[in-house]
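> Have a look at the structure that comes next, please.
Throughout, read-outs are computed from the coordinates displayed, never taken from laboratory work. What you see is a predicted model, and the numbers here were worked out from it, not measured in a lab. Ideal geometry is used to build each Cβ from the backbone, glycine not excepted, and the neighbour counts take in all protein chains shown.
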Amino acid sequence: MSAETRTALWRCARGALERALCSTFAAFGRPVILRSTYAEVVAQGCTGAELLELRHVAHRDFPRVARVVCALLRCKLQPTRAKMLCYGSRAAPDRVKPVFRLPNGDEAAGIWSAHARLAVVRFGQAVPIRRVLVHECAHALIHHFAGGFDYPFAILEGYAMLIESMVVTGRPPEPTSRRTGPAHARAQGRCMTVQGLLRFDWLEGPSATSVDYDAFLEGVVCFMGFLGELGNPHGRLVKTMLYELQEARADTWDKVYEWLLRVTSLSASALEGKFLTYVTRNRGYT
Ligand SMILES: [Zn+2]
């Protein structure tokens with residue numbers, strides 16, 4: 001896909017997002033704006049209890065997210081206000097739905113748009129709102145503190161899930177937590193190589209959107225665990241990678257892949273073999 005097509009697609013996606021947001025926000029009266037050290041949350045259709053929870057997460061959890069992100073990126077911790085929109089349970093589901101629809105048709109509980117520099121979340125989904133807020137805040141703060149560095153989607157998703165789990169539960173995510181029947185089966189196909197994960201991109205055309213997203217996310221959790229076992233002279237890759245990829249200017253999937261092979265001194269087949277072993281061990285594949 002050419003750079004122009006890619007940019008046009010992003011513009012199109014951003015335009016659709018903004019139109020959807022405007023049409024939904026107009027319907028719920030005056031928004032409530034909550035400001036904390038690291039975020040500005042514009043809330044619509046929230047109950048009093050939901051607003052209290054939002055405030056609590058913004059004041060208690062977002063500073064922890066910011067500290068982790070700055071440690072990973074080795075940058076100075078400074079206040080910033082990540083922009084977030086939040087729909088409460090009083091925001092009519094039908095109006096809100098289009099905002100959260102992923103390219104594969106699934107509905108997300110939260111989304112982060114790097115292009116719009118905006119996170120959008122909603123109450124009332126299966127995932128607890130604290131997790132959703134922390135996850136999207138991680139995306140927003142990685143983008144901010146990394147100066148918009150273009151990490152592959154799998155890496156951004158991996159770190160957002162890792163930070164979400166560490167801040168909320170104190171533990172890394174479980175590879176099997178998102179497993180479902182068909183996703184489990186399909187996950188053994190194209191997504192379960194390091195290369196397949198790094199290449200995943202919603203904008204790469206229709207074939208990418210047919211990928212089972214749960215299977216992809218499960219693969220990403222495995223990839224992050226795998227990075228926790230791999231090391232280079234500077235330490236475990238999971239702790240050093242965000243910073244080192246920036247230093248190496250590795251901002252496309254193939255540069256990241258080359259970088260991985262270089263720092264681990266592995267061939268592509270050895271790396272994939274080790275990853276498969278890791279996945280098999282941690283997911284109980286037969
Ligand atoms: Zn995410």
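> Quick check on the exposure proxy: order E50, E258 from fewest to most C-beta atoms within 10 angstrom.
E258, E50
> Another question, then. Sort F149, F123 by Cβ crowding within 10 Å, fewest neighbours at the top.
F149, F123
> Follow-up. Debye calculation, C-alpha points only, no solvent: report log10 I(q)/I(0) for the stretch 12-148 at q = 0.18, 0.19, 0.20 Å⁻¹, in the same order as the q values.
Values, matching the q order: -0.99, -1.09, -1.20.
> Test of understanding: ordering V69, V127 by Cβ neighbours within 10 Å, fewest first, what list do you get?
Fewest-to-most Cβ neighbours within 10 Å comes out as V127, V69.
> Turning to a different aspect of this structure: Could you give the length gained by full extension between N282 and A49, i.e. 0.36 nm per residue of separation minus their alpha carbon distance, to one decimal place?
So the chain would gain 80.0 nm between N282 and A49.
> Sequence neighbours fewer than 8 away in the same chain don't count; with that in mind, list the lysines whose C-alpha is under 21 Å from K255.
Partners within reach: K239, K274.
> If you don't mind, there's one more thing I want to ask. At 10 °C and a viscosity of 1.306 mPa s, what translational diffusion coefficient does Stokes-Einstein give for the stretch 85-158, taking Rh as the Kirkwood radius over Cα pairs? Give it in µm²/s as a whole number.
The diffusion coefficient I find is 122 µm²/s.
> How do the peptides 35-41, 135-141 rank, highest first, by the average count of neighbouring beta carbon atoms within 10 Å per residue?
Packing proxy ranking, top to bottom: 135-141, 35-41.
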